[in-house]
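Before any comments, here is the structure.
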Amino acid sequence: MEVDNCLVPIFIETEVPVQVKQVGTGVFLDFQCTPFLLTSAHVTDQLQYGNLLVPTINGLSRIEGYYAHIDLPHEMTRSKDSVDMAYFRLSTDFARSLCANFYPLIDKAELITSSLDLRMLSVVGYPASKGKRKAQKLTSQMAYYRGVAADKEVYDKHGFYHHENIMIHFHNKNAFDPEDGKSMNPPSPRGVSGGAIFSWPRNNEFSQDWSKPKLVGILHSYKAKEGLFIGTTLLPYIAAIQLGSMKDFDGVI
């Protein structure tokens with residue numbers, strides 16, 4: 001099974017104005033036989049404006065389950081949040097309905113203690129520019145971005161930490177198609193927030209076999225000027241999930 005089948009586009013439904021539009025991406029994950037949707041906190045911050053929806057067997061449906069994120073001090077904005085993480089512990093019935101279109105990632109994730117050991121990585125998600133409305137139906141399209149892992153100097157320069165963040169070099173203007181080597185113009189990464197960061201194993205850096213890479217983090221931002229994708233490793237998510245488990249995820253079954 002290809003690991004990118006776990007990527008889920010996230011939409012928001014608002015009343016003022018009345019609209020549904022794509023705002024981010026989520027990663028459908030089976031962790032210890034429990035269904036989760038991992039994403040970024042600035043994506044779930046949109047809940048203050050409306051309902052977050054994902055495609056299910058019943059069409060676009062409101063996400064059901066226990067929701068958790070990291071609160072910030074009043075004086076701090078989300079753009080300054082280096083972790084920027086949130087997750088849904090999905091209800092069992094809702095997870096089943098999600099399986100009509102997606103497959104939860106099982107045993108294809110890796111907990112890393114330092115991002116400095118990474119080599120080649122891919123960011124995968126649903127760009128907002130690919131969200132289209134056709135005949136009263138919303139459609140989207142996945143995009144792939146591959147780049148080289150940053151070194152410690154880059155982390156230090158931008159104030160991130162290699163034990164909890166992942167930084168990847170990627171310049172849109174220098175992008176090329178790995179299959180034919182020709183230059184290409186990839187879609188803007190806006191909307192890919194909450195998407196997956198996959199690590200390619202040694203000697204498979206340019207492989208197109210999507211059964212090989214492992215999930216190592218969740219994307220939260222892209223610095224276009226610097227040409228850097230930035231995300232969070234899975235360890236902060238696991239720690240937050242363990243806290244949620246202590247509360248029985250507020251009784252979600």
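The values are calculated or read from the model by the stated rules, or taken from the named source; none is laboratory data. Please read all numbers here as calculations on a predicted model, not as lab measurements. Backbone-built Cβ (ideal geometry, glycine too); neighbour counts: all protein chains shown.
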- Message: Ser114 - would you say it is at pLDDT 95 or above and surrounded by fewer than 19 Cβ atoms within 10 Å (Cβ to Cβ)?
- Response: yes
- Message: Please verify whether Phe28 is of a type outside the set (Val, Ile, Thr), part of a strand (DSSP E or B), more than 24 Å from Lys108 (Cβ to Cβ) and under 15 Å from the mean Cα position of the chain (by Cα), treating the condition exactly as stated.
- Response: no
- Query: From the residues in the stretch 111-157 that are without any contact (Cβ under 8 Å) to a residue 40 or more places away in the chain and polar (S, T, N, Q), which one is farthest from Ile10 (Cα to Cα)?
  - Reply: Gln136
- Task: Inspect all residues belonging to the stretch 175-186 and state whether any of them is modelled with pLDDT of 95 or more and outside any loop (DSSP other than H, G, I, E, B).
- Result: no
- Item | Of all residues in the stretch 225-253 being within 19 Å of Val43 (Cα to Cα) and among the small types (Gly, Ala, Ser), the one that is farthest from the chain's Cα centre (by Cα) | Ala240
- Task: Output the qualifying pairs, or none if there are none: Cβ atoms under 6 angstrom, residues six or more apart or on different chains, first residue in the stretch 222-236 and outside the structural domain of Leu29 (by TED's automatic domain parsing), second residue assigned to a strand (DSSP E or B) and of a type in the set (Ser, Thr, Tyr).
- Result: Phe229/Tyr222; Ile230/Ser221
- Looking at (1) among the hydroxyl-bearing types (Ser, Thr, Tyr); (2) over 27 Å from Ile230 (Cα atoms); (3) loosely packed, with under 15 Cβ neighbours inside 10 Å, which is the one condition that is false for Ser61? (3)
- Only residues that are farther than 20 Å from Pro189 by Cα, surrounded by 14 or more Cβ atoms within 10 Å (Cβ to Cβ) and out of contact with any Leu (no Cβ under 8 Å at 6 or more places or on another chain): list them for the stretch 34-54, please. Thr34, Leu47, Gly50, Asn51
- Item | Restricting the stretch 195-230 to residues that are among the aliphatic types (A, V, I, L, M) and more than 21 Å from Leu37 (Cβ to Cβ), the residue that is surrounded by the most Cβ atoms within 10 Å (Cβ to Cβ) | Leu228
- Item | Every residue from the stretch 73-103 that is surrounded by fewer than 17 Cβ atoms within 10 Å (Cβ to Cβ) and not in a helix (DSSP H, G or I) | Pro73, His74, Glu75, Met76, Thr77, Ser82, Cys99, Ala100, Asn101, Tyr103
